Every structure is written in structure tokens, then in C-alpha cells.
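Okay, structure first, notes after.
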Amino acid sequence: MDGLKRLPIAAPERISGITSLAFNMWWSWHPDARMLFKRLSRAEWKLSGHNPVKMLNEIDRKALDEASGDQDFLAHYDRVMERFHDEVGNGGGKWFAHNICAPEAMPIAFFSAEYGLHRSLPFYAGGLGFLAGDFLKEGSDLGLPLTAVGFMYPEGYMRQKMSAGGWQENLDEPLDRAGTAISKVMDAKGRPLLVKVPVIEPPIYVEVWKIEVGKVPLYLIDTDIEANDPWNRRISAHLYTGNVEQRLRQEIVLGIGGSAVLVAMGLRHPVLHLNEGHPAFAVMERIREGVSAGMRFTEALQNVKETTVFTTHTPVAAGTDVFPFDLMEKYFSPYWPALGLDRESFFALGTDPADPQAGFNMTVFALKCSSHRNGVSKRHGEVARRMWHSLWPGRPEDEVPIGSVTNGIHVPTWIEPKIALLFNRHLGGDWINRHDKPETWEAVRKIPDIELWNTHYWQKMKLVMRIMDRARERWTEGGPDAQVVLAEGVFLDPNALTLGFARRFATYKRASLILSDTERLKRILNNKWMPVQIVFAGKAHPADDAGKHMLQQVFNAAQDPAFGGRIAFVQEYDEQFAQYMVHGVDLWLNTPLPPLEASGTSGMKAALNGVPNLSVLDGWWLEGYNGKNGWAFGGKEEGKSVQQRDAEDAAALYDLLENQIIPLFYHLNGDGISKGWVQIMKEAMISAGSGFSARRMVKEYATRFYEKCLLAVAG
Ligand SMILES: *Cc1c(COP(=O)(O)O)cnc(C)c1O
């Protein structure tokens, strides 16, 4: 690899570093850096959707010239740039070097089909992507030697557009490559690096883009290039295409192509971490490299196993990719000889003994080819051991070798800046450096109640204002009819107890559970003296009609005057609106059908900011709930029909709201605050901050898995 190509941004010499700052997502988790861009031009910052690359492309040169002569701006600029160089240059996080090994000794390749890093990088669908994005950011903070690989989806976002009937329509919004913080990887001759996906026939070519995530490089594979025929160009058009053959081709390109890209760039990657089964073919390519270097298959497999970490995120068999054998044969028939295998032994690698005819199962394959395997919460670990017991038939279920590392969130990304200032004052200015130590959080109890209450009230105002602003924009554009605009929350009241529900509209998440008994819900929401409102947001997968029906039910409720305008559905859920939601609502509602929420992470984001959870006992909440940091219900699944479980969970939800939550929230003292509520807010912050950070999570992966890989790498 020789260099990168990016659009030149003509910044004056004195502030020329602003370009490299804009191209490194480091700025996104440093409020001081965000403010620097905002300060250049508030209007351009907003118009660009908080995307500094786009903003610098479009901003008037005059604004940059003025800034480069403004002493206040320059002092701010110098401060940010100094920190940027400290943290991203050779300095920066040393935790890995001090606790595991010299980073050069063990580069780790991290593969994921999606990454949720920022609104301006539309390469995610939901939780899996944010987990990967948060992992890279924390990896940078701790100095992990990560190199990440993913996909460039040129059609980026699926835009969500609701019809008056409440049906979700989808529009593609092509990615503006020039206005995105991605740089094309060039070869030694200054041409775009072109890599052929090895062995696979018919041939597929890829080019590569780079995103800098602090110290961690993320390489995105792009198939939408001249060298490919149209069918190949479309491989990476969309995240999670419904077409099974195109999906197989995506996974071939991600795993096998991704590995070849690392080789082409001269990047060694002795340790491999697979985030879910989608990129598992990367393991196959590593085995092939071993075989072509002269190893026998079994030896190469053993080597690869000892240096591969596989994280499964799916608690249902239907959620794993299984490819028909004949389809596999079409692409892989030149591949198995390259591994020294025949057809049968090759397919055996991905065959689930419990369902041998089904096809090539990516999770089975990944489990068989890795020695370090985990689910993403304690409960999910148990579920995974039960699901994949058939692979270890001789062992009792609880000895199936799949452990768990509970998910966590990147604290600097998800903390609201005013809450962070509150922590600076009461936890000490360096709390962020100590945030995975439980002692750090004890001081939250000393924050004066009124300060926390008022800070949160300000967040809620911001959320409500943001929602109104969006509704106003939509209304003045004159596009949709008024009914659709009204459903977007124009009647919201910042003084009312506000519940938030925002995530993908997958049916198991049961967005409409709280609508089960409409009469009871109307009484709750419309109580004149203790009103309650609910803000919903989220997209259904374009191919998921059941999810769209659930969304329609919610949307119709939001349009129904009988609910008093106290239900809002906000369109176009994305990372930016997620920030408003997890900072601004009063209570985070989570109603999955157990055990289908492997972990869930948005509830952690909310809790960190003092928003308690009201959640079914599933996923992370089984570990997170401690009796004083929120509310828990349901979670029992034995021997009951889904209808019965829905009915019981809904009743428990209403009971909690009516008997405990609403009276507590409205039990105001002379200062107009609810002391009891503030206690729960504080406990939510303490438990989420100390236990559910990405820092805790990444350290666990490093000490429990990566460190073990070291022996195999060294040996
Ligand atoms: C955190 C996050 C998610 C994941 O939410 P879950 O609680 O795991 O469902 C999805 N989308 C966005 C935009 C997020 O920020």
C-alpha cells in the first residue's frame, strides 16, 4: 500500500491540520473537537448533519480564513490538535502494551459486516454495528493493535418514509463518497488498489476505502467498481440483502476478499476476531494460506483455531445464515482442493449435526474453526450452549465450550456533554480515565439532586425541541399530509413523564406490546395530572413485512386523537437521533420476547445518562437490574404460548406504570423535583457506568481471549 486518496480541502496553512482531524472519527467522541467544527460555522455544521468532511467541502473559504486569524479559535484549535496528536499519534492508549503484549507482536484483525460509528457513515443496521463501532473506538483508547475490515455499502442508508396509512416505504440514498470521511487506498503506482477475491470463480474484484477510527484503521471493501460486471458491482449495494445467492457472494467477498485485502496491503493479522458469522469465510482463507505454505489441513486448522475468536450474537437458529450446498458448490468447487479437502469433508465443516441436510451453516462453521467462542451476555451464553450442544454431543450442556462476554457501550460516545460536565465536577476531572472502576461511580450519589434533575430536564427539552423542529421541516416542505406530521410528536410536553422506545422494528422486540390494551393505555396517557407520553423510533427491515405491520400499529396509534397526541413516532431513526433519545427521555422501555434479546445495548446508553430502564428480564438486563436502578418484569417462558406471554407481560407493564413508576415520578417536593426518581437515576448511572462500558468489555476480550492467542502466535 502506498497511499490514500482524498479530496483536497483548501484550509489555510495555520489550521491545515483540520483536514486530518475531519478524516479521523476521533473527533466524534471528543466534545471539544466537535465544538471546534461547530464554531467554524453553526449553519454549515447543522446542514452537513455534523459531518466535518462535508462541511469543509462546502464551507465558504472566507470562514476558514477568518478562523485562521481569530486568536480564540486558534487557541481552541491548538488545544484540540495537541490532544489529537497525543492520543492518535505514537502516544495514546497504552493499556494493551502494559497488560497484554507489545502491540507489534500481535496485530488483530476484526471482521464485521456492519459498523455503527456515526450518522455520517451509514454502514449499519442496528445493535451489531454499534457494538463493532464502539469496539473499535475503545480499542483505540486502550491501544489495541486492531485492524478492522468491513463493507462499503454505496447505497448506504435505507431512508424511511411513512405513508398516511402507516406503511413504511423505503428509499435508497446513495452515499456521497466525496462528502464522507473515507479515503481510497492506492497502490504503489498511485492507482486504486485492486484485489481479486482469491480462488473463487467466477472472479470478483474489489477496491478498498479506509476510515480512521482514532488509532484503528477500518478498511471497507467496495465491489461497485469498473472491473466488475454489473451483477458483481451490486454485491455490496445493500446491507443484508434478501437474495440468498447475493448474500453468499457478500460473505465470500467480506471474508475471503477481506483477508486478501489485508495480505495485499502487507498487513499481517495473526489473530482474527469474527463479529458474528457473516465474515466467517475469513477463517477459511486463513486455513488456505496455511495449506499453501505447506501445512497439512488439520495442522493449518489447528493453528487457525487457536488464534481465532468468534462472537455469536444470535439467539435463534433462524437468525444464522445457512447456504444450500449446491449454491456453495457453484462458488467453492475450486476452493476445496486448495484446502486439500474433498467435497464431502469440506461441507462437513459447515454442517449442523442436528440438521445435516439444511446446508452450510456459517455459525457452525465459525464455531468449529475457533477455540475462543462467546455469546454477548450471560443469558445468551447459556442459550448458545443449548443451541449448539449438538456440536459437542459428548459433553453436558453447561460444558459446551461457548462462554460469554457481556456487551458494553463506548462511554465517551454515548455520554451527553452536560452530564459529562456534571461528572467532571463531582467525580473528578479525570473520571473518564477511570470509568471502568466501580469506585469512580460512588461519587454519583453526592451529586445534588436538583442539579441532576435540572440537567436531565434540559436534555428532555432538547429532545422535544428537536422532534418539533423535524416535524416543522416536514410540514413546511409540504410533502406529507398533516396527519403524518402530527404523528411525529408535535403535541409532546416536556413536563410529562416520557417513555422512549427506539430500535429496529424486529417483531421479537415487541414495540407494540404497550399498545395491547388500548383502553388502559389511554387512561394512563391521558391522566390530566400525571400525563405520560411515549416516543417511538426505528426502521423495519425492507423485507420484513411482520415488522412493518408492527410499525404500522404504532404509527396508527400516534395518529389516533384518542391517545391525546401523547404517542409520537419519529421517522428516520439513526445514530444522531439515538443520541437525543437516550439522553432525553425519562424512562427507557424495552419489551423483547425472552430469550431473543441476546444483549441489547441502547438501554445501557440510556442508563449511563440517568435514564432508568423499564425492561423485560432478558439479555443484559438480567445482569444489569439490581432492584434499585430501574424496573424489571416478565422473563418467564416455560410452557406458555406467545399470546399468553404477551398478555402477561403487558399486564405487568401496566401494573408497574400505574402503581409504582408514575406515582414516583410525580411525587414532587417543594423544589419541584422527585427525590425518589433521582435516586433511581443515580443508581442507573452507577450500575451502567461501572459494569456496562465498552472498556470493561474490550479488556475482557483482551485478557480472556487475545492473551491466550499470544501463545499460539509466539509458538
Ligand atoms: C445502540 C443502537 C442500536 C442498538 O439498540 P438495541 O437496544 O440493541 O436494540 C440500534 N440503533 C442505533 C441507532 C443505536 O444507537
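For residue 392, no residue 5 or more places off, or on another chain, has a built amide H under 5 Å of its own. Applied to the range 398-405, the Karplus parametrisation 6.51 cos²θ - 1.76 cosθ + 1.60 on θ = phi - 60° returns per-residue 3J(HN,Hα) values of 6, 9, 4, x, 10, x, 8, 10 Hz, with x for Gly and Pro. In order along the range 557-565, the phi-based Karplus estimate (6.51 cos²θ - 1.76 cosθ + 1.60, θ = phi - 60°) of 3J(HN,Hα) comes to 5, 5, 8, 8, x, 4, 8, x, x Hz; Gly and Pro are listed as x. Rounded to the nearest 500, the 222 nm mean residue ellipticity of the chain from helices alone is -12000 deg cm²/dmol, with -39,500 (n - 2.57) taken per DSSP H run of at least 4 residues.
Distance check, please: which entries in 46/460; 5/54; 368/605 exceed 24 angstrom between their Cα atoms? Pairs exceeding the cut-off: 368/605. Note on the range 3-88: with neighbouring protein chains present and a 1.4 Å probe, carbon and sulfur make up 50 percent of its accessible heavy-atom surface.
Residue ranges 617-624, 438-445 sort as 617-624, 438-445 when ordered by packing (mean number of other C-beta atoms within 10 Å per residue, highest first). Using only alpha carbons, the range 488-692 has a radius of gyration to Kirkwood radius ratio (Rg to Rh) of 0.93. Taking amide H positions as modeled 1.01 Å from N, with prolines and chain starts lacking one, the residues under 5 Å from residue 497 and 5 or more places away or on another chain are 533.
Taking the average, over residues, of other Cβ atoms within 10 Å as the packing measure, peptides 525-531, 599-605, 19-25 rank 599-605, 19-25, 525-531 from highest down. A Cα-only calculation for the chain places Rg and Dmax at 25.4, 79 Å. Once the 1.4 Å probe is applied to the protein heavy atoms, the range 206-313 comes out at 30 Å² accessible per residue.
Cross-link partners of residue 548 among lysines, defined as those whose alpha carbon lies under 21 angstrom from its own and excluding same-chain residues fewer than eight positions apart: 161, 509, 539. Roughly how far apart, in whole Å, are the Cα centres of the range 453-518 and the range 1-75? After rounding, the separation between the Cα centres reads 32 Å. Over the Cα atoms of the range 1-141, the radius of gyration divided by the Kirkwood radius equals 1.00; this is the Rg/Rh ratio. With all pairs of different C-alpha atoms in the average, the Kirkwood value for the hydrodynamic radius of the range 370-501 is 19.6 Å. Which whole-angstrom value gives the distance between the alpha carbon centres of the range 420-447 and the range 591-627? After rounding, the separation between the Cα centres reads 22 Å. Computed in the context of the full set of protein chains, the accessible area of the range 488-692 at 1.4 Å probe radius has 52% of its extent on carbon or sulfur. In a reduced charge model with +1 at each Lys and Arg Cβ and -1 at each Asp and Glu Cβ, the range 97-179 shows a dipole moment near 100 debye about its Cα centre.
Summed over the residues of the range 3-88 and divided among them, the accessible surface reaches 50 Å² per residue at a probe radius of 1.4 Å. A 1.4 Å probe run over the range 488-692, with the rest of the protein chains in place, finds 32 Å² accessible per residue. Note on residue 386/residue 263: beta-carbon distance plugged into 1/(1 + (r/R0)^6) with R0 of 25 Å gives a FRET efficiency of 0.10. Each peptide in 405-418, 277-290, 338-351, 242-255 was scored by the mean count of other Cβ atoms within 10 Å over its residues; highest first, the order is 277-290, 405-418, 242-255, 338-351.
Please work out the C-alpha center-to-center distance from the range 140-210 to the range 560-575 and express it in whole Å. The range 140-210 and the range 560-575 have Cα centres spaced 32 Å from each other. 3J(HN,Hα) couplings calculated from phi for the range 304-311 with the Karplus curve 6.51 cos²θ - 1.76 cosθ + 1.60 (θ = phi - 60°) are, in sequence order, 5, 3, 5, 10, 10, 10, 10, 10 Hz; Gly and Pro show x. Considering only beta bridges that DSSP places wholly inside the chain, some 35 percent are antiparallel.
The values are calculated or read from the model by the stated rules, or taken from the named source; none is laboratory data. Note that the coordinates shown come from a computational prediction; the quantities given were computed from them, not determined experimentally. Ideal geometry is used to build each Cβ from the backbone, glycine not excepted, and the neighbour counts take in all protein chains shown. What goes into the accessible areas is simple: the full protein's heavy atoms, side chains included, and nothing from ligands, DNA or RNA. Shrake-Rupley method; radii C 1.70, N 1.55, O 1.52, S 1.80 Å.
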